[in-house]
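Below: one structure, written as structure tokens.
The values are calculated or read from the model by the stated rules, or taken from the named source; none is laboratory data. Treat the numbers as computed from the prediction; the structure is a model and nothing was measured. Note: ideal-geometry Cβ built from the backbone for every residue, glycine included; neighbour counts use all protein chains shown. SASA here: full protein model, heavy atoms, side chains in, ligands and nucleic acids out. Shrake-Rupley method; radii C 1.70, N 1.55, O 1.52, S 1.80 Å.
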Amino acid sequence: MPELGPLRPERVAVYTLTLPGLAVAERIAEALPGSTLYVAAKYRGLAPGGVAFGEPIAALLERTWSLHDGHVFVMASGIVLRAIAPRILDKRVDPAVLVVDLKGRYFIPLLAGHLGGANPLARYLARALGGEAVLTTGTDAVGVPAPDLLAKALSARVPDWGPLKEVSALLVDGRPVGFWSDCADLDPLGRYPGVRLLEAPPWEGVPEGVEGLVLLTVRRPKPLPLPTFLAHPRALVLGIGCNRGTPLEEIRREVDRFLEEGGFAPESLARLATAELKRDEAGLLAFAEERGLPLAFHPTEVLNAQPIPNPSEAVFRHTGLWGVAEAAVLAEGARLWVEKTKRGNLTLALGVLSLSLPEEALP
């Protein structure tokens, strides 16, 4: 159900306090298979599939707040605001919160519209029930892309959320903001007012005529003289070949130095790739587990079919492979950015995946 954005239906809770609200809440729960319906105790007989509660909403949330990623309240917004106020922490971790009126006409996100998925949830439920999603987040209200939502859609890591507010305000005000990516196709953003698609990375020269920047990059640029929202998409593929028995400590040290010297963000590593014959390489397996990265093992015929720029007869005589690191990168469907380099017992190569912005990330 992609319309829900990052939310899964079974992770959503629906709450109601009244009889008219119960009819709407049941329709919402039906539209969200696997969701949990919480019903005021006096209506327990009317909703056999619901969870009855007798305490005030604020007390109920002590039990349910952390159990669900989304909370839909069919009741007055004042009740909800007072109940959730003590639990609001940060937009990066807050769950999605929606308020729905007792006739199911208006679906209003109150919290975590972008990162938590409240906005796409509101849109989905409005379509399902024939109502209207009332979005108050600035970028959605004026129809411009939200930098934080773009970052989330690309599974990007944000080292500093501080500039987001200023850059978003520029977009909402219609001011020119430069967008740049070395791994994602940003062409769909060109139709929005205020968006300026940059032809070159701004660290090579800050472009004239823009007042802020959104950088979706696998690199670690130096500080720039404009408000800059920086995010590192998970788009790098590291190809690794190594001598038998290479220890974890050496792999860790050389990979980190390799990325740092190239100016690449470790946060952008998406996966590792190597040859099938390395499936039992303890140090490599430990490194992948330590970094929380998937490790792909490619068979000889797949690697030898790749058009690598630096085949090695010596490696072929020893292993039957013309190369490992470069070939593994290409086998993952990545563009080869850094050709193989020998570092101690390791051979490393780096590639970048070509990412697309999902439609639900666009206003």
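Here are a few things to note about the model shown:
- Computed magnitude of the charge dipole of the chain (debye, nearest 20; Cβ of K, R +1, Cβ of D, E -1): 740 debye
- Segment 269-316 - percent of accessible surface contributed by carbon and sulfur, probe 1.4 Å: 56 percent
- Working note: 222 nm ellipticity from helices only, DSSP H runs with n ≥ 4, each -39,500 (n - 2.57), summed and divided by the residues of the chain, gives -8000 deg cm²/dmol to the nearest 500.
- Counting only heavy atoms of the protein chains and using a 1.4 Å probe, LEU336 has close to 50 Å² of accessible surface.
- Ordered by 1.4 Å accessible area with all protein chains kept, LEU362, LEU110 run largest first as LEU110, LEU362.
- Taking N as its residue count, the alpha carbon Rg of segment 163-224 over 2.2 N^0.38 Å: 1.05
- Fraction of accessible area attributable to carbon and sulfur, segment 1-87 (%, probe 1.4 Å): 57 percent
- On the basis of the beta-carbon distance and an R0 of 25 Å, ALA52 and ALA76 show a calculated FRET efficiency of 0.75.
- Extents of segment 1-137, largest first, come to 37, 33, 25 Å (Cα atoms, principal axes, whole angstrom).
- Within the assembled protein chains, the solvent-accessible surface assigned to GLU250 is about 20 Å², based on a 1.4 Å probe.
- Close Lys pairs in the chain, defined as Cα atoms under 21 Å apart and 8 or more places apart or on different chains, number 7.
- In the frame of its principal axes, the chain has Cα extents of 78, 51, 33 Å, reported largest first.
- GNM on the chain, alpha-carbon springs under 10 angstrom: the most fluctuating residue among GLU30, GLU254, GLU208 is GLU208.
- The order of the peptides 13-20, 69-76 by mean Cβ neighbours within 10 Å, most packed first, is 69-76, 13-20.
- Rg over Rh, two decimals, segment 131-195 (C-alpha only, Kirkwood Rh): 0.96
- Accessible-area rank, largest first, for ILE88, ILE308, ILE240: ILE88, ILE308, ILE240, with all protein chains present and a 1.4 angstrom probe.
- Accessible area expressed per residue, segment 169-304, with surrounding protein chains retained (probe 1.4 Å, Å²): 44 Å²
- Alpha-carbon Rg/Rh ratio, for segment 162-306, with Rh computed the Kirkwood way: 1.10
- Considering only GLY323, ALA156, THR347, the residue lying farthest towards the positive end of the dipole of the chain is ALA156, judged by Cα position with unit charges set on Cβ.
- Given charges at beta-carbon only (K, R positive; D, E negative), |dipole| of segment 221-363 in Debye: 280 debye
- Residues listed by number, segment 233-272, amide nitrogen under 12 Å from GLU290 label point at 7 Å toward C-beta: 247-257
- For the chain, the share of DSSP beta bridges that are antiparallel, to the nearest 5, is 30%.
- Residue-by-residue Karplus 3J(HN,Hα) for segment 100-107, coefficients 6.51, -1.76, 1.60, Hz, glycine and proline x: 10, 6, 6, 9, x, 8, 10, 10
- About the Cα centre, charge dipole magnitude for segment 56-146 (Lys/Arg +1, Asp/Glu -1 at Cβ), debye: 100 debye
- A straight line joining the Cα centroids of segment 22-67 and segment 327-355 runs 51 Å.
- FRET efficiency for ALA305 and ARG92, using Cβ-Cβ distance with R0 set to 45 Å, rounded to 0.05: 0.60
- The alpha carbon convex hull volume per residue for segment 82-148 rounds to 85 Å³.
- Bridges between two residues of segment 243-363, per DSSP, are antiparallel at a rate of about 60%.
- The residue among VAL172, GLY190, THR18 whose Cα reaches farthest toward the positive pole of the charge dipole of the chain, with charges on the beta-carbon of Lys, Arg, Asp and Glu, is THR18.
- If R0 equals 45 Å, the separation of the Cβ atoms of GLU313 and GLU204 corresponds to a calculated FRET efficiency of about 0.70.
- A Gaussian network model of the chain, with springs between Cα atoms under 10 Å, assigns the largest mean-square fluctuation among VAL97, VAL255, VAL214 to VAL255.
- Compared with the direct C-alpha span, the chain from SER66 to THR341 gains 94.3 nm at full extension, assuming 0.36 nm per residue.
- Segment ARG191..SER155, full-extension length gain: 10.6 nm, with 0.36 nm per residue of separation and the alpha-carbon distance subtracted.
- Residue of ALA314, ALA126, ALA41 that the Gaussian network model of the chain assigns the largest fluctuation, springs spanning Cα pairs under 10 Å: ALA314
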